[in-house]
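**Q** Would you mind keeping the following structure in view while I ask a few things?
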């Protein structure tokens, strides 16, 4: 199956899944669902409000900026992954990028949560983060589904 055939199948699947949702088309003809645009506007507005309410605290501004950039890159990589042909070597690179971005986001949020918790809960937070990262690595790169013969 060629790349253009794969993209066509993905578009058809999205058409069937969200038949009644309003959509926009980008300059290449790819669908952009209105709910996605609204979600990014909401994320941008909330990130801007968080920076504004940080009162110039550099640590908070960096955390919000990092989280925003990480999420935007994560969703972009996921979109590219969906559009990439299953047999493409680029798909494995995108899978690695998705895992790395989710790992960084998990670590950033774990750091912020653990900073306000007592030590036993900090251990729990970091343990859960570590298990999440390792579980994601296993699911993305090590686990192979068994096919019925």
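**Q** For the subset of region 3-60 comprising residues that are surrounded by fewer than 10 Cβ atoms within 10 Å (Cβ to Cβ), part of a loop (DSSP other than H, G, I, E, B) and out of contact with any strand residue (DSSP E or B) (no Cβ under 9 Å at 6 or more places or on another chain), which member is modelled with the lowest pLDDT?
**A** Of everything passing the filter in region 3-60, 19 is modelled with the lowest pLDDT.
**Q** Based on what the data block shows, is residue 75 modelled with pLDDT of 95 or more and outside any loop (DSSP other than H, G, I, E, B)?
**A** No.
**Q** Looking only at region 136-146, filter to residues that are without any contact (Cβ under 8 Å) to a residue 40 or more places away in the chain and assigned to a helix (DSSP H, G or I); which one of those is surrounded by the fewest Cβ atoms within 10 Å (Cβ to Cβ)?
**A** 142
**Q** Examine region 126-135 for a residue that is part of a helix (DSSP H, G or I), farther than 27 Å from residue 43 by Cβ and out of contact with any strand residue (DSSP E or B) (no Cβ under 9 Å at 6 or more places or on another chain), and state whether such a residue exists.
**A** Yes, there is a match, as at least one residue in region 126-135 is part of a helix (DSSP H, G or I), farther than 27 Å from residue 43 by Cβ and out of contact with any strand residue (DSSP E or B) (no Cβ under 9 Å at 6 or more places or on another chain).
**Q** What's the total number of residues in region 87-125 that are touching a helix residue (DSSP H, G or I) at 6+ places or on another chain (Cβ under 7 Å) and either surrounded by 15 or more Cβ atoms within 10 Å (Cβ to Cβ) or not in a loop (DSSP other than H, G, I, E, B) (or both)?
**A** 20
**Q** Also, I was wondering about something else. Residue check: is residue 104 at pLDDT 95 or above and under 21 Å from residue 40 (Cα atoms)?
**A** In short, yes.
**Q** Residues in region 61-70 that are within 12 Å of the chain's Cα centre (by Cα) and buried (at least 16 other Cβ atoms within 10 Å of the Cβ): how many?
**A** Residues in region 61-70 being within 12 Å of the chain's Cα centre (by Cα) and buried (at least 16 other Cβ atoms within 10 Å of the Cβ): 3 in total.
**Q** What are the pairs, 6+ residues apart or on separate chains, where a residue within region 103-132 that is under 14 Å from residue 66 (Cα atoms) has its Cβ under 8 Å from a residue that is surrounded by fewer than 12 Cβ atoms within 10 Å (Cβ to Cβ) and at pLDDT 95 or above?
**A** none
The values are calculated or read from the model by the stated rules, or taken from the named source; none is laboratory data. The shown structure was predicted, so the numbers you read here are calculated from the model rather than taken from an experiment. For neighbour counting, all protein chains shown are included, and Cβ atoms are generated from backbone atoms with ideal geometry for every residue, glycine included.
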